[in-house]
């Protein structure tokens, strides 16, 4: 069976736009003061989130709460939904391959996919999607992460990525940027 791996955030949805534009209101459930809330939200929106030595911190808890809300609120790309439905009709096994922490976001992720009528066979978290694809024997990855775009081809994974301000200048061996998901359909046929 042909298998494809597809990313969610900023590939099938508008996660970053949702994070930057949603008017999150302060609430005690965030477990921080209103001042800290405003500072953390600004830090998240500015993508000023360096890797922390501690696995769990006040900020990482806050980030997880805000990200969970964004996962639920993000809008699906209509062309992405149509593409995923086309894949299913064509007999593809669809693996949603995300960097989300599925220990806390699995239910929200599954509900979002079902709500937007996006078919899938599996949902997995992968820190390194190229390694994940190689281990699963997946030759095609649809993803917006610069690392995957740049290095996927080197390791035998064909990467298709949405052209955005973040990805426009990135080049990778065999990686192809797209404006709409309909562009990918013939590319998949070429790569088989």
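The values are calculated or read from the model by the stated rules, or taken from the named source; none is laboratory data. Fair warning: this is a prediction, and the values are worked out from it, not measured in the lab. Ideal geometry is used to build each Cβ from the backbone, glycine not excepted, and the neighbour counts take in all protein chains shown.
Tabulated values for the structure
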| read-out | value |
| --- | --- |
| Some residue of segment 26-42 being under 23 Å from residue 180 (Cβ atoms) and either touching a strand residue (DSSP E or B) at 6+ places or on another chain (Cβ under 8 Å) or not in a loop (DSSP other than H, G, I, E, B) (or both) | no |
| In segment 149-171, residue farthest from residue 77 (Cα to Cα) [restricted to those that are in contact with a helix residue (DSSP H, G or I) (Cβ under 6 Å, 6 or more places away or on another chain) and either in contact (Cβ under 8 Å) with a residue 24 or more places away in the chain or not assigned by TED's automatic domain parsing to the domain that holds residue 8 (or both)] | 155 |
| Among the residues listed as 108, 82, the single one being in contact (Cβ under 8 Å) with a residue 12 or more places away in the chain, in contact with a helix residue (DSSP H, G or I) (Cβ under 6 Å, 6 or more places away or on another chain), at negative phi and assigned by TED's automatic domain parsing to the domain that holds residue 162 | 108 |
| Residue 38, sole failed condition from (1) without any contact (Cβ under 8 Å) to a residue 40 or more places away in the chain; (2) buried (at least 17 other Cβ atoms within 10 Å of the Cβ) | (2) |
| Filter pass, residue 141 being within 13 Å of residue 96 (Cα to Cα) and buried (at least 22 other Cβ atoms within 10 Å of the Cβ) | yes |
| Hey, residue 92 more than 25 Å from residue 17 (Cα to Cα), in contact with a strand residue (DSSP E or B) (Cβ under 6 Å, 6 or more places away or on another chain), touching a residue at least 24 places away in the same chain (Cβ under 8 Å) and crowded, with 16+ Cβ neighbours inside 10 Å or not | yes |
| Members of segment 174-185 that are assigned to a helix (DSSP H, G or I) and either over 15 Å from residue 80 (Cα atoms) or outside the structural domain of residue 138 (by TED's automatic domain parsing) (or both) | none |
| Filter result for the condition that a residue is outside the structural domain of residue 147 (by TED's automatic domain parsing) and over 15 Å from the mean Cα position of the chain (by Cα), over 103, 93, 89, 29 | 29 |
